[in-house]
Each structure stands twice: as C-alpha cells, then as structure tokens.
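The values are calculated or read from the model by the stated rules, or taken from the named source; none is laboratory data. Predicted, not measured: the structure shown is a model, and the values here were computed from it. No Cβ is skipped: glycine too gets one built from the backbone with ideal geometry, and neighbour counts run over all protein chains shown.
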Amino acid sequence: MKRQQRLVWLAVHLLLVLALLLCLFPVYWIFQISLKTQVEAFKVPPSWIFKPTFRHYVKLLTEGDFPGRLFNSAVVSTFSTLFGLLIGTPAAYVMSRLKFRLKNLVLLLVLSSRMVPPISFIIPYFLVYINIGLMDTRIGLIIIRVGFSLGLIVWAMWTYFDEIPLELDEAAEIDGASVIQIIRHVILPVSAAGLTSTGILCFIMAWNDYLFALILTRTRAVTAPVEITRALAYQAEDLGLATAGAIIVALPAIMFSLFVRKYLKTGIMGGAIKG
C-alpha cells in the first residue's frame with residue numbers, strides 16, 4: 001500500500017512539474033528572444049547559447065513613447081480598479097443583505113455584462129465617444145474598464161459578504177452605526193482578503209486590455225499592450241523590441257500578485273466556500 005501511495009505521489013508531482021514547464025516555457029522563450037540581437041532572434045535553428053544584450057530594454061525605456069504608454073496603462077488600471085471597487089462593493093453588500101423579489105434577476109443582469117463578448121460593444125462605444133469627445137482619452141478607457149469590472153466585483157464580493165454573519169451588522173446598528181459606517185468599519189476589515197483578491201483580478205484585466213485601447217485611442221491615451229504591437233507593425237518586425245516590451249508589461253502585474261499572494265489565495269478560497 002505504501003509503495004502504491006509513493007507511486008501516486010510521484011505521478012502527481014511529475015504531472016505538476018510538466019504542467020509548470022508547459023506554462024513557463026513560453027515566458028522563457030519570450031525572455032531569451034528579448035536578450036538576442038535581431039539576427040539571432042530570426043536564426044533557424046534557434047541558438048540556445050548566445051551573448052545577451054539589454055539594448056532592447058534600454059531603447060524602450062529611454063527612447064520613444066513607451067514610458068508614457070506604461071504611465072497610461074498604470075493610470076487606467078489603477079483608477080478603473082478603485083472606482084470599480086468603490087461602486088461595486090456597496091452594490092454587492094446590498095445584494096447580500098437585502099431580500100427582494102427581483103434579486104436573482106438583478107444578479108443575472110449584472111453577470112450578463114461578463115457573458116457578452118467585449119467586441120460587441122466596440123461600435124457603440126466608438127460612435128458615442130466620437131460624439132462626446134472621449135476618443136483617445138484615459139477617462140474614456142477608465143469608464144469602459146469600470147463597466148466591465150463591475151460584474152466581477154459584485155459577484156465576487158456578494159458571495160464573500162454572504163459568509164459574514166449578519167449579527168455583526170445588527171451589533172453595529174445597535175451601537176448607532178449607519179449603513180456606510182457598517183460597511184467601512186465592520187464589513188470591509190473582515191473582508192479585506194476578498195476585496196484585495198478581487199481588486200488584483202480587476203487590475204490585471206485592465207492592465208492587459210488590448211481591444212478597447214487599440215480601437216478607442218490614437219496617440220495620447222495609447223497603452224503599453226498596444227504600443228508593443230507597433231514594434232511588429234511599424235518597425236520591421238523587431239522581435240527583440242516587442243518581446244522586451246512584453247516582459248516589461250508583465251512584470252508589474254506579476255510583482256503585485258506575488259506581493260499580495262496571501263490575500264489572493266485567501267480571497268479566492270473564501271469566495272468559493274459558502275454555508
């Protein structure tokens with residue numbers, strides 16, 4: 001029996017290692033191309049041993065518009081996440097605490113915003129933004145990302161709030177706390193892990209957004225993911241420049257997720273267990 005258990009343990013860990021290698025190999029491949037010259041990047045068969053160069057990273061961060069594009073991505077991702085949480089968290093609290101007839105229908109409508117393909121909204125947004133002057137603005141991108149993140153925030157925080165005992169609210173009400181005070185001083189501290197994990201997911205989705213930033217920007221509000229593709233379209237397929245940009249864009253989200261991984265794990269597990 002022990003031998004069989006050891007074999008199962010070995011097989012499971014071999015599968016995990018294989019899955020990890022399959023996930024990390026594309027990242028390694030992109031990283032090593034970013035350290036190659038243009039000639040080495042197109043070499044067939046590829047060279048596994050080469051002299052690395054950081055000229056692509058230096059060029060991106062010191063020349064051109066890439067630093068400004070990173071700033072645009074940071075502004076859009078940060079403020080869309082903050083505004084989304086500011087609007088979606090109280091809405092999720094209402095969905096969790098109030099009982100009314102059309103509650104399930106409202107939740108379904110909120111969820112439907114995540115079910116519709118984003119590309120379906122491109123033409124309406126494009127026409128509206130041209131008429132009201134929001135084309136090529138960071139505010140326009142923030143509004144879109146807030147709208148798309150609300151469904152995730154409401155559903156994630158609603159299930160998390162359902163796990164918090166109603167007695168906490170009642171005790172705060174007896175002490176004279178208002179609804180806003182209950183949310184701020186009682187509910188949010190208890191649900192910090194769920195709030196953090198939801199915020200991380202919203203930030204990463206906004207940071208990686210390409211579709212809306214491509215169609216609804218021109219020069220001023222272009223984000224980093226869009227700028228990366230220009231290295232392929234307008235600069236003679238500079239793979240080193242494009243892959244270096246991809247690594248730079250991926251680093252903030254990875255570092256931020258690692259920094260708050262404890263809250264991310266707790267929040268996801270907390271929202272998945274009810275009762």
* Asked: Does F79 qualify as being over 30 Å from Q32 (Cα atoms) and in contact (Cβ under 8 Å) with a residue 60 or more places away in the chain?
  -> yes
* Structure fact -> Of (1) free of Cβ contacts under 8 Å to residues at least 40 places away in the same chain; (2) surrounded by 13 or more Cβ atoms within 10 Å (Cβ to Cβ), L127 fails just (2)
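Would you confirm whether any residue within segment 18-32 is loosely packed, with under 14 Cβ neighbours inside 10 Å, in a loop (DSSP other than H, G, I, E, B) and among the small types (G, A, S)? Don't jump to the end; show me each part of the working.
Kept after step one, since they are loosely packed, with under 14 Cβ neighbours inside 10 Å, are these residues of segment 18-32: 18-29.
Now narrow it down to the ones that are in a loop (DSSP other than H, G, I, E, B): none.
Within segment 18-32, none of the residues are loosely packed, with under 14 Cβ neighbours inside 10 Å, in a loop (DSSP other than H, G, I, E, B) and among the small types (G, A, S).
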* Asked: Is it the case that M95 is surrounded by 14 or more Cβ atoms within 10 Å (Cβ to Cβ), part of a loop (DSSP other than H, G, I, E, B), touching a residue at least 24 places away in the same chain (Cβ under 8 Å) and more than 20 Å from the chain's Cα centre (by Cα)?
  -> no
* Structure fact -> Of the residues in segment 227-275, those that are aliphatic (A, V, I, L, M) and at pLDDT below 70 number 10
* Structure fact -> Being under 24 Å from D162 (Cβ atoms) and not in a loop (DSSP other than H, G, I, E, B) narrows L60, L111 down to just L111
* Asked: Pairs under 6 Å by beta carbon, first residue in contact (Cβ under 8 Å) with a residue 12 or more places away in the chain in segment 207-221, partner assigned to a loop (DSSP other than H, G, I, E, B) and surrounded by fewer than 20 Cβ atoms within 10 Å (Cβ to Cβ), six or more apart or different chains?
  -> T217/D136; R218/D136; R220/D136; A221/D136; A221/T137
* Asked: Does V39 satisfy being part of a helix (DSSP H, G or I), closer than 30 Å to R220 by Cα and either aliphatic (A, V, I, L, M) or in contact with an Asp or Glu (Cβ under 7 Å, 6 or more places away or on another chain) (or both)?
  -> no
